[in-house]
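Here the structure is laid out as structure tokens; the discussion comes afterwards.
The values are calculated or read from the model by the stated rules, or taken from the named source; none is laboratory data. No experiment lies behind these values; they were computed from the predicted model shown. Neighbour counts run over all protein chains shown; Cβ positions are idealised from the backbone, glycine included.
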Amino acid sequence: MKIRWYGHACFLLESETGAKVLTDPFDDSVGYPMPDAAVDIVTVSHHHHDHNYTSSIKGEPTIIDGVGEYSVGNIPIRGYLTYHDDVIGEKRGENVLYTIDMDGMRICHCGDLGHRLDMVKLHNVMPVDILLVPVGGTFTIDAAQAAKLVEDIKPRLTIPMHFKTRALSFPLDPVDRFLRIMGNSQRIDSNQIEIDKEHWEEVPPVVVLDYKK
């Protein structure tokens, strides 16, 4: 599987057979170049402009933007109700956390998760191989809360997202605090990583991708 980070919470997941899933596409106000790939599936965690801009996506993808169980092209996707804050959505509304099963691995994309997951939700989501988790705080869980979520879920690989970079226009924290808490991590001078489930021992537990092309 190939995982490409476009910036913010937007990733392109490409299976060994070429199926493509895009998560949380953003508009041009965010600061990153907008995604330009033709894809099969787009997941939307919530309807804010930095997570739901689907009109620029090439092709005719299936748009998934809610809680429930889906299967598109033999790719099972489940959406779980969570919240964009820690007061049951009173500040920022609902958020959908997705699990996506591809190439024998489960990816969990947290969207703009704003709170800890309870034991029932954790049980439903797990096991998770790859966790895509916001770490920048302000509008989501912060670095310490994200580290606790990693501890609870125990993924094989964690990729932080939704943090401050020089390109991003939003007032978020950078990724550094999360990395200090997590310890064993690696920054990659690329916006893409390729994962082979037969070689997990070669993958560090935390990888930071570079949004640049």
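Assorted remarks:
- The residue pairs whose first member lies in the stretch 173-199 and is closer than 16 Å to Val133 by Cα, whose second member is part of a loop (DSSP other than H, G, I, E, B) and among the small types (Gly, Ala, Ser), and whose beta carbons are closer than 8 Å, counting only pairs six or more residues apart or on different chains, are Asp173/Gly136; Asp173/Gly137; Pro174/Gly136; Val175/Gly136; Leu179/Ser185.
- Qualifying positions in the stretch 10-29 - under 18 Å from Phe163 (Cα atoms) and not acidic (Asp, Glu): Cys10, Phe11, Leu12, Thr23, Pro25, Phe26, Ser29
- Any strands (runs of 3 or more DSSP E) falling wholly within the stretch 1-91 and containing at least 1 residues that are at positive phi, modelled with pLDDT of 90 or more and surrounded by fewer than 19 Cβ atoms within 10 Å (Cβ to Cβ): 68-72
- Residue within the stretch 130-147 that is touching a Pro at 6+ places or on another chain (Cβ under 6 Å) and free of Cβ contacts under 8 Å to residues at least 24 places away in the same chain present: no
- Restricting attention to the stretch 76-97 and to residues that are among the aliphatic types (A, V, I, L, M) and within 17 Å of the chain's Cα centre (by Cα), the residue that is nearest to His49 (Cα to Cα) turns out to be Val96.
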